[in-house]
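Accompanying notes for the structure given below.
The values are calculated or read from the model by the stated rules, or taken from the named source; none is laboratory data. Here the structure is a predicted model, which means the values were calculated and not measured. Note that we place each Cβ from the backbone using ideal geometry, even for glycine, and neighbour counts take in every protein chain shown.
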Amino acid sequence: MVTGGAFVTFEGIDGSGKSTQARRLAGLVRAQGREVVQTREPGGSPGAEEIRRLLVEGATDRWSAETEILLFTAARRDHLEKVIRPGVAAGKVVISDRFADSTRVYQGAARGELRQVVDNLHALMIGTEPDLTFVIDMDPEAALARGLARNSGEDRFEEFGAGFQTRLRQGFLDLAAEQPARFRVIDGARSEDAVAAEIAEHWQAAFG
Ligand code: TYD
């Protein structure tokens, strides 16, 4: 049985339900008597939350893809230093709603040739991968309807549209296929309880 710290991430397209599922797994792990740090990206630390506002609000063309990659990586570095590393080192289970796979997929999907830049910057400044990553997989049309319906004022990314979301979905599935040991792909087009139950099984198998 693993009792030390762990770093678990949830990934998926906008509106896939990953945030709800991250919260539910956090509840389960707490109920098992482990200390949990529930966090998210972009953001997760005070400094990174400030950078988040620069990223998610405003016009779609506010930043170039290159600037965006730098901002996401700056936010992630602060989150890593202040929250993720200290949490895992203290033996806690750190559960993050999004992490570096989102940059690989979102910024890589927007401008394919930038994927190498994303990987180089990650190696240089982050150099950490989760122990376990859940991809909540969903049909983009269904997910987009749910995502935009929320109307949070943070719709800069969601406004790119359904074609973009289709590329994102494929991007997450490709990453998962490349690294099957780290990823679990979960069919998100089911009831919240059914999705949570499958995630709980994977959690138990890996860390329970
Ligand atoms: P998030 O708060 O997870 O939104 P949602 O809950 O709607 O999925 O993320 C905000 C947006 O930022 C989302 O559209 C995904 C995007 N994003 C990137 O483009 N690159 C990244 O590295 C991260 C972490 C998020």
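Each residue in region 171-192 was checked for being at pLDDT 95 or above and of a type in the set (Lys, Arg), and 2 of them qualify.
Taking region 19-55 as the range and being over 19 Å from ALA206 (Cα atoms), touching a strand residue (DSSP E or B) at 6+ places or on another chain (Cβ under 7 Å) and of a type outside the set (Val, Ile, Thr) as the test, the residues that pass are SER19, ARG40, GLU41, GLY44.
Looking at GLY47, GLY87 in this structure, which one is over 15 Å from PHE99 (Cα atoms), over 15 Å from the mean Cα position of the chain (by Cα) and crowded, with 21+ Cβ neighbours inside 10 Å? Let's see the steps before the verdict.
On the way: GLY47 fails: crowded, with 21+ Cβ neighbours inside 10 Å.
Only one candidate qualifies: GLY87.
In the condition set (1) surrounded by 21 or more Cβ atoms within 10 Å (Cβ to Cβ); (2) at pLDDT 95 or above; (3) not small (Gly, Ala, Ser), HIS122 is compliant with all but (1). Restricting attention to region 171-187, the residues that are in contact with a strand residue (DSSP E or B) (Cβ under 9 Å, 6 or more places away or on another chain) and not hydrophobic (A, V, I, L, M, F, W, C) total 4. The residues of region 54-73 that are over 17 Å from the mean Cα position of the chain (by Cα) and among the charged types (D, E, K, R), listed by number, are GLU57, ASP61, ARG62, GLU66.
The C-beta contact set for region 22-33 (first residue within 13 Å of ALA197 (Cβ to Cβ), second residue part of a helix (DSSP H, G or I), distance under 6 angstrom, 6+ apart or interchain) comprises ARG24/ALA196; LEU25/ILE199; LEU28/ALA200.
Looking at the structure I just gave you, is VAL135 more than 13 Å from the ligand (Cβ to nearest atom) and closer than 16 Å to THR9 by Cα? Against the criterion (more than 13 Å from the ligand (Cβ to nearest atom) and closer than 16 Å to THR9 by Cα), VAL135 does not qualify. ARG98 falls short on exactly one of the conditions (1) at pLDDT 95 or above; (2) on the phi < 0 side of the Ramachandran plot, and that condition is (2). Every residue in region 62-76 that is surrounded by fewer than 17 Cβ atoms within 10 Å (Cβ to Cβ) and in contact (Cβ under 8 Å) with a residue 40 or more places away in the chain, please. Within region 62-76, ARG62, ALA65, GLU66, LEU70 meet the criteria.
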